[in-house]
Amino acid sequence: MSDRVKVVVTGAAGQISYSLIPRLVDGTVFGNKKVDLELVEIPAVLNKLEGMVMEMEDSFFPHMGDINITDNFADAAENADWFLLVGSIPRGIVLNGKKIEERSDLLKVNGGIFIDQGKAIGEKGKEKAKILVVGNPANTNALIGHHHARNETQLWMAMTMLDSNRAKSFLAKKASVGVDEVTKMTIWGNHSPTMYPDFENVLIGNQRGADVFSDLQWIENEFIPGVQQRGKAVIDARGASSATSAAKAALDTVRAVEHKTIDGDCFSAAIVSDGSYGIDEGLVAGVPLISDGQGQVNLVRDFSLSDFAKQRIQISIEELKSEKEAVADLLD
Ligand code: NAD
Ligand code: LMR
């Protein structure tokens with residue numbers, strides 16, 4: 001196994017990346033490997049990245065390898081192991097005189113970015129490269145990227161780890177336990193207000209969530225909408241979308257893929273569906289996953305889903321189908 005890993009980060013001058021990039025090289029994600037960084041931005045803000053490089057050098061990270069800044073994604077993609085696709089516009093800002101309210105309003109604004117990036121990743125990224133789409137609408141952006149990559153050895157994911165971390169935090173508070181006692185959390189479907197946080201299959205210690213959370217009023221009226229709308233709540237409070245928690249979730253996803261999943265646990269990300277759990281083949285939907293720690297990520301296939309869960313998941317799948325239709329022109 002190589003003792004170096006090459007990581008491409010887009011949107012490297014943005015707020016998520018400012019929190020994300022230093023933690024990629026602190027030894028907690030890739031262990032003792034040297035981490036070579038390709039930081040990609042649009043030309044207008046490349047100079048900001050020069051400052052970022054200075055700060056990275058001044059921080060003295062023993063695991064940092066080469067660091068390069070560029071506006072040429074295709075060059076950056078050459079032989080890369082990981083792609084963290086953060087670069088895109090967040091909601092909450094005013095664009096062409098209209099405030100962008102929902103992540104799906106970003107479909108046309110951001111979707112186009114993922115055509116050329118997908119092609120470059122498919123052609124130039126390593127066989128078995130891992131791609132995590134953070135930029136919204138993450139699932140459909142990943143669908144576009146995967147479509148254009150045309151490389152089935154690589155793994156495309158859209159980030160639902162932030163939603164999973166949020167859901168764990170809500171449930172830990174409700175059950176009066178530490179967040180580390182909440183495991184096996186899955187976010188099903190889209191990273192959007194239709195996502196379904198699976199409170200039934202989650203484990204609180206050794207107990208199934210279905211047996212712990214009997215207050216279904218709270219589940220339906222507070223927990224599910226609370227997780228679904230947490231991104232908006234942060235935007236309303238902060239005047240900007242979540243950044244440090246999003247960076248932590250991206251790092252958690254990379255860590256979950258790079259390290260073997262503890263027996264009985266799983267992690268959450270959206271991947272290209274093979275039709276399992278009744279999710280239409282080809283959609284990028286949140287599901288439970290495990291990693292063997294050697295680069296292989298597998299779907300957990302034996303979750304039992306209640307009728308309530310199935311009905312909620314279907315709502316999110318219908319939304320993913322309509323997002324796919326809305327970007328049909330970006331899919332050839
Ligand atoms: P930001 O505006 O601070 O930074 C985005 C950066 O992307 C900017 O510096 C911009 O110049 C750059 N960029 C735009 N187009 C690019 C391109 N083609 N190539 C390279 N860089 C490009 O935004 P942010 O707060 O860092 O958020 C980034 C994205 O992540 C947003 O779409 C946001 O909605 C999304 N997000 C997703 C999650 C999630 O859970 N999936 C969580 C939080 C934020
Ligand atoms: C989040 O969930 O915090 C991000 O997707 C940002 C947003 O637009 O909500």
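Bear in mind these aren't lab numbers, they're just calculated from the coordinates by the rules spelled out. What you are looking at is a predicted structure, and each value in this text was computed from that prediction instead of being measured. Ideal geometry is used to build each Cβ from the backbone, glycine not excepted, and the neighbour counts take in all protein chains shown.
Can you order the peptides 315-327, 230-242, 8-20, 132-144 by their average number of other Cβ atoms within 10 Å per residue, highest first?
Values: 315-327: 17.8, 230-242: 15.0, 8-20: 23.2, 132-144: 28.6.
Listed from highest to lowest mean packing, they are 132-144, 8-20, 315-327, 230-242.
What are the principal axis extents of the Cα atoms in the chain, in Å, biggest first?
On the principal axes, the chain reaches 53, 45, 39 Å in Cα extent.
What ranking, highest mean first, results for peptides 295-305, 29-39 when packing means the other Cβ atoms within 10 Å averaged over each residue? Mind dumping the intermediate values first?
Details: 295-305: 13.5, 29-39: 18.9.
Going by the mean number of other Cβ atoms within 10 Å, highest first, we get 29-39, 295-305.
Can you tell me the 0 to 90 degree angle between the C-alpha axis of helix 46-58 and the longest principal axis of the chain, rounded to 10?
Approximately 90 degrees, to the nearest 10.
Quote the charge dipole size of the chain about the Cα centre in Debye, to the nearest 20; the model charges only the Cβ of Lys and Arg (+1) and of Asp and Glu (-1).
440 debye
Could you give the angle, 0 to 90 degrees to the nearest 10, between helix 15-24's Cα long axis and the longest principal axis of the Cα atoms of the chain?
80 degrees
Would you mind working out the magnitude of the charge dipole of the range 203-280 relative to its Cα centre, with +1 at each Lys and Arg C-beta and -1 at each Asp and Glu C-beta, to the nearest 20 Debye?
On the way: 7 positive and 11 negative charges, 79 e Å.
Charge dipole, the range 203-280, about its Cα centre: 380 debye, nearest 20.
Please state the charge dipole magnitude for the range 222-329, taken about the Cα centre, from unit charges on C-beta atoms (+1 on K and R, -1 on D and E), reported in debye and rounded to the nearest 20.
400 debye
In whole angstrom, note down how far apart the Cα centers of the range 48-69 and the range 177-221 are.
Distance between centres, Cα-based: 39 Å.
Kindly provide the chymotrypsin sites (Phe, Trp or Tyr not before Pro) of the range 37-100 that DSSP labels as loop, not H, G, I, E or B, and whose Cβ sees at most 11 other Cβ atoms within 10 Å.
Details: sites: F60, F73, W82, F83; in loops: F60.
Within the range 37-100, the qualifying chymotrypsin sites (Phe, Trp or Tyr not before Pro) (loop, at most 11 other Cβ atoms within 10 Å) are F60.
Please figure out what share of the DSSP beta bridges in the chain is antiparallel and state it in percent, rounded to the nearest 5.
Numbers: 20 of 44 bridges.
The antiparallel proportion sits near 45 percent.
Taking square-rooted eigenvalues a ≥ b ≥ c of the alpha carbon gyration tensor, is the range 161-328 rounded, prolate or oblate, where a/c under 1.5 means rounded and, failing that, a/b exceeding b/c means prolate? Walk me through the intermediate numbers first.
Working: a/c = 1.17, a/b = 1.06, b/c = 1.11.
It comes out rounded by the Cα gyration axes.
For the chain, what is the mean residue ellipticity at 222 nm derived from helices alone (per DSSP H run of n ≥ 4: -39500 (n - 2.57); sum divided by total residues; nearest 500 deg cm²/dmol)? Intermediate values should be presented prior to the final figure.
Details: 12 runs with 125 residues, N = 332.
Rounded to the nearest 500, the figure is -11000 deg cm²/dmol.
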